[in-house]
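For reference, the structure is listed below as structure tokens.
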Amino acid sequence: MAAARSDAFVFFGATGDLAFKQIFPALAGLVRDEGFDLPIIGVARSGDLDALRERARQSLAAAGVVDRAAVDALASRLRYVKGSDDDVETFHALRRELGDARHPLHYLAVPPALFGQVVTNLAVSGCATGARVILEKPFGRDLASAVALNATVHEVLAEPAIFRIDHYLGKEPVQNLLYFRFANSFLEPLWNRDNVASVQVNMPEAFDVADRGAFYDRAGAIRDVVQNHLLQVVSLLAMEPPSGHTGDAVRDGQYKVLDSIRPITPADVVRGQYRGYQDVRGVAPGSTTETFAALRLHVDTWRWGGVPFYIRTGKSLPVTATEVLVELKRPPHSVFAESRPPDADYFRFRLSPDMAISLGARAKKPGEALVGEAVELYASHQSGNERAPYQRLIGDATRGDQSLFAREDSVEAAWRVVDGILDDRTPLHEYDPGTWGPDAATAILAHGDRWHNPVITGADASPDATGSKEAPR
Ligand code: BG6
């Protein structure tokens, strides 16, 4: 039986940061591109409907949505319930506002600590009947709290009604990792421990924590992006071919990878904090929250045994980019009398700010001598009309499509991976803003490996392009 389409959209935390930056623009996109015609009900502690409409307009202006008709259409769909997450009366008022709607989609854009309470109040007021919920990441604070939260939510809703959002799964370049791997045959024979020397996922961000101090200080880089976004990327890189066409076949494959990653030990992590972080509003004095993390993963499968998987991310690093580098093993014997620079054979997947795939190789330099240079065979795609991840994912949730949402088992498996290195269990190293983080990050690299620093080059920023060029390193 086809899943019922949601018939109302409710978002808690309507005056918050996430609603401003992501949810309003996503809804405007849905209204503009996909005929989204559901009533949209914002729930928040303060303000009124006019203030919410004004906030929506400001949000869309900030997001560069200039289509007047889309802005007006969204504003006209908005409704408002004033109240708080711990007051059951708010939820009764919401049920009244829902009117005839029987399949509301509730988006909990509130701190994860409030999820349990909101879901319970949804149940008590009848708002959970026939409903779906979208829960923001991070889902829980650690393995124990995620297990407890899953249990609480399951008291009210069955798994098909629970949408744990991770916007990385809604990104085109992340989906392309899955597609590129399994739509081509040339990769598969190489994609294993016999040929791959190491895999690294880098997600540097050049900006700092800015106005998110209060949220970030309770999270830190490992909870904020490693446990979710970056482990999801690793799962798509390392998974076995899915055994069917359903979204669940892919999610099964992702789960198996996450489940086979050995829990990270302190020896395989370096945490850092940029100088100046402690001055950010909302950050606790003397905070030991990490704004940088470098980790080494062991994926204990037949395919990947012994191949190091590295993750590195941080705020206030030199560039903003997300990039995967899959380094291949070197030829067993050097035919040419030249010392090879590192990173000669590799696949590079640029996930942001642009989308590109390149194959790094050595090619002979013109001339008498058999000496070469590093080149890249390069295919790029400049973002065009792709739907923004939140737009795509909210649209999927209204149709009951969970393919691109994190499943309970995967979320718990990902927490199991990082559970032993959360909080203060490992030392914290300071680093200067604008650098690549603490030097100590090299300590977790296996012999001969090095960190690969993504670079923003002119070619990466150009429109669709294919061809070859000198390697950007
Ligand atoms: C969010 C994190 O989930 O992802 C942020 O909370 C991070 O700290 C952001 O900056 C990165 O997302 P994107 O889509 O900009 O790469």
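The values are calculated or read from the model by the stated rules, or taken from the named source; none is laboratory data. Since the model is a prediction, treat every value here as computed from it, not as a measurement. Methodologically, a virtual Cβ is constructed for each residue, glycine included, from the backbone with ideal geometry; neighbour enumeration extends over all protein chains shown.
Among the residues examined, Leu230 qualifies as out of contact with any Pro (no Cβ under 9 Å at 6 or more places or on another chain), of a type outside the set (D, E, K, R) and either farther than 26 Å from Arg387 by Cα or modelled with pLDDT of 95 or more (or both).
Looking only at residues in region 373-422 that are basic (Lys, Arg) and assigned to a helix (DSSP H, G or I), the one that is farthest from Gly247 (Cα to Cα) is Arg416. Is it true that Arg340 is touching a strand residue (DSSP E or B) at 6+ places or on another chain (Cβ under 9 Å), modelled with pLDDT under 90 and not in a strand (DSSP E or B)? Answer is yes for this residue. Of note, Ser243 satisfies the criterion of being of a type in the set (Ser, Thr, Tyr), farther than 22 Å from Met203 by Cβ and away from the ligand (no atom under 16 Å from the Cβ). Report the residue count in region 351-385 for those that are charged (D, E, K, R) and within 16 Å of the ligand (Cβ to nearest atom). Residues flagged as charged (D, E, K, R) and within 16 Å of the ligand (Cβ to nearest atom) within region 351-385 amount to 1.
None of Ala406, Ala388 is within 30 Å of Ile261 (Cβ to Cβ), within 16 Å of the ligand (Cβ to nearest atom), in contact with a Pro (Cβ under 8 Å, 6 or more places away or on another chain) and not aromatic (Phe, Trp, Tyr) except Ala388.
The set of residues in region 207-225 being of a type in the set (A, V, I, L, M) and either touching a Leu at 6+ places or on another chain (Cβ under 6 Å) or farther than 19 Å from Gly276 by Cβ (or both) consists of Ile222, Val225. Please work out if Ile311 is within 16 Å of the ligand (Cβ to nearest atom), in a strand (DSSP E or B) and within 27 Å of Glu408 (Cα to Cα). So Ile311 passes the test. If you filter region 423-446 down to residues that are acidic (Asp, Glu) and assigned to a helix (DSSP H, G or I), you find that the one that is nearest to the chain's Cα centre (by Cα) is Asp423. Here Gly253, Gly247, Gly314 are screened, and the one residue that is within 19 Å of the chain's Cα centre (by Cα), modelled with pLDDT under 95 and not hydroxyl-bearing (Ser, Thr, Tyr) is Gly247.
Residues in region 159-197 that are of a type in the set (Ser, Thr, Tyr) and within 14 Å of the ligand (Cβ to nearest atom): Tyr168 only.
It is to be established whether one or more residues within region 66-78 are crowded, with 21+ Cβ neighbours inside 10 Å, in contact with a Gly (Cβ under 9 Å, 6 or more places away or on another chain), hydrophobic (A, V, I, L, M, F, W, C) and within 21 Å of Leu18 (Cβ to Cβ). Looking through region 66-78, none of the residues is crowded, with 21+ Cβ neighbours inside 10 Å, in contact with a Gly (Cβ under 9 Å, 6 or more places away or on another chain), hydrophobic (A, V, I, L, M, F, W, C) and within 21 Å of Leu18 (Cβ to Cβ).
Being more than 16 Å from the ligand (Cβ to nearest atom) and either free of Cβ contacts under 8 Å to residues at least 12 places away in the same chain or more than 24 Å from Ala8 (Cα to Cα) (or both) is the filter here, so list the residues in region 130-149 that pass it. Answer for region 130-149, where residues must be more than 16 Å from the ligand (Cβ to nearest atom) and either free of Cβ contacts under 8 Å to residues at least 12 places away in the same chain or more than 24 Å from Ala8 (Cα to Cα) (or both): Asp142, Leu143, Ala144, Ser145, Ala146, Val147, Ala148, Leu149. Selection within region 1-26: residues that are aliphatic (A, V, I, L, M) and over 22 Å from Val118 (Cα atoms). The member of this set that is surrounded by the most Cβ atoms within 10 Å (Cβ to Cβ) is Ala26.
Out of curiosity, is Ser84 at pLDDT below 95, of a type in the set (Ser, Thr, Tyr) and in contact with a Lys or Arg (Cβ under 6 Å, 6 or more places away or on another chain)? Considered against the rule, which asks whether it is at pLDDT below 95, of a type in the set (Ser, Thr, Tyr) and in contact with a Lys or Arg (Cβ under 6 Å, 6 or more places away or on another chain), Ser84 comes out as yes. Within region 198-225, residues that are more than 11 Å from the ligand (Cβ to nearest atom) reach partners that are of a type in the set (D, E, K, R) with beta carbons closer than 6 Å, at six or more positions or on different chains, in the pairs Ser198/Glu327; Ser198/Asp449; Asn202/Arg312; Asn202/Glu323; Gly213/Arg281. Pairs are defined by a Cβ separation below 7 Å, a sequence spacing of at least 6 or placement on different chains, a first member in region 445-456 that is at pLDDT below 90, and a second member that is part of a loop (DSSP other than H, G, I, E, B); the pairs so defined are Ile456/Val319; Ile456/Ala321. Residue-level analysis places Arg251 among those that are in contact (Cβ under 8 Å) with a residue 24 or more places away in the chain and farther than 26 Å from Phe292 by Cβ.
Looking across region 317-329, the residues that are assigned to a loop (DSSP other than H, G, I, E, B) and modelled with pLDDT of 95 or more come down to Leu317, Pro318, Val319, Thr320, Ala321.
Of all residues in region 348-376, which are within 11 Å of Val324 (Cα to Cα), crowded, with 20+ Cβ neighbours inside 10 Å and not aliphatic (A, V, I, L, M)? Listed by number, the residues that qualify are Arg348, Phe349, Arg350, Ser358.
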